[in-house]
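Notes follow the structure.
The values are calculated or read from the model by the stated rules, or taken from the named source; none is laboratory data. Predicted model, so just to flag it, every value in this text is computed and none were measured. FYI the Cβ positions are ideal-geometry reconstructions off the backbone, even for glycines, and counts take in every protein chain you see.
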Amino acid sequence: MVNLVLYGTESSPPVRAVLLTIRALQLEHEFRTLDIQAGDHLKPDMLRKNPQHTVPMLEDGESCIWDSHAIIGYLVNKYAQSDELYPKDPLKRAVVDQRLHFETGVLFHGIFKQLQRALFKENATEVPKDRLAELKDAYALLEQFLAENPYVAGPQLTIADLSIVATVSTLHLSYCPVDAAKYPKLSAWLARLSALPFYEEDNLRGARLLADRIRSKLPKQFDKLWQKAFEDIKSGAGKQ
């Protein structure tokens with residue numbers, strides 16, 4: 001019997017990446033919400049399990065694993081019935097790993113975390129133009145990754161897609177909508193991932209929560225395109 005407990009907050013893109021992977025693997029699990037603002041992640045029991053006090057954190061029996069990429073790779077390696085989500089072939093796995101490193105270094109820490117810092121720590125009232133330019137450059141790179149395949153690491157869905165979509169959907173809904181005219185393959189990929197039966201519950205709901213917070217910080221930033229994207233997700237008229 002699988003005994004998985006995932007700790008985190010559903011507004012976090014890395015937490016949602018793990019939730020998507022768990023659902024793709026059809027694994028039973030318990031999700032325990034941590035109130036980061038209240039310091040739940042800094043309580044002695046949590047620090048004993050995860051000295052870095054980050055989310056997500058996974059408990060599998062007596063073992064504790066943190067870092068979303070470490071967790072999703074572990075879950076596939078241990079529980080998947082095939083290697084489709086994380087191929088064992090060295091070259092195919094290297095491509096998946098490269099995409100995951102791209103997400104970590106460029107999308108998440110290089111762009112998303114810097115945007116969050118600008119809004120919530122530096123009290124910016126609009127999206128910094130240099131960060132917005134970097135985000136559009138990242139969209140262009142993803143468009144190239146998707147030039148010949150429907151998924152970011154090849155012809156099949158992998159953990160790279162499940163992880164990257166958690167971050168990209170957040171950037172799309174909160175900071176800069178993916179322009180389908182400029183990035184048609186990226187837009188189609190978002191729609192493709194949105195069609196997963198567990199996408200709404202395990203990714204979009206948390207992305208909406210974060211979009212609400214960001215909208216409250218950027219009242220002047222909502223041009224017509226962004227306003228439409230936000231209203232679509234609020235009304236359920238469109239998943240992306």
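Tabulated results
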{"read-out": "Test: residue in the stretch 123-136 that is within 16 Å of Thr21 (Cβ to Cβ) and outside any helix (DSSP H, G or I)", "value": "no"}
{"read-out": "Test: residue in the stretch 120-134 that is crowded, with 17+ Cβ neighbours inside 10 Å and touching a strand residue (DSSP E or B) at 6+ places or on another chain (Cβ under 8 Å)", "value": "no"}
{"read-out": "Flag if Glu59 is acidic (Asp, Glu), under 22 Å from Pro197 (Cβ atoms) and not assigned by TED's automatic domain parsing to the domain that holds Leu115", "value": "no"}
{"read-out": "Pair list, Cβ under 6 Å, 6 or more apart: the stretch 77-98 residue of a type in the set (Lys, Arg), other residue not in a helix (DSSP H, G or I)", "value": "Arg93/Pro87"}
{"read-out": "Looking only at the stretch 140-184, and only at residues there that are over 13 Å from the mean Cα position of the chain (by Cα) and of a type in the set (Val, Ile, Thr), the one that is farthest from His69 (Cα to Cα)", "value": "Val178"}
{"read-out": "Counted residues, the stretch 137-157 - those being of a type in the set (D, E, K, R) and assigned to a helix (DSSP H, G or I)", "value": "2"}
{"read-out": "Any chance Glu126 is at pLDDT 95 or above and not hydroxyl-bearing (Ser, Thr, Tyr)", "value": "no"}
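For (1) buried (at least 18 other Cβ atoms within 10 Å of the Cβ); (2) more than 19 Å from Ala160 (Cα to Cα); (3) modelled with pLDDT of 95 or more, each residue gets a yes or a no:
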{"site": "Glu30", "(1), (2), (3)": "no, yes, yes"}
{"site": "Arg48", "(1), (2), (3)": "no, yes, no"}
{"site": "Asp60", "(1), (2), (3)": "yes, yes, yes"}
{"site": "Trp66", "(1), (2), (3)": "yes, no, yes"}
{"site": "Leu75", "(1), (2), (3)": "yes, no, yes"}
{"site": "Asp83", "(1), (2), (3)": "no, no, yes"}
{"site": "Arg93", "(1), (2), (3)": "no, no, yes"}
{"site": "Gly105", "(1), (2), (3)": "no, no, yes"}
{"site": "Ile111", "(1), (2), (3)": "yes, no, yes"}
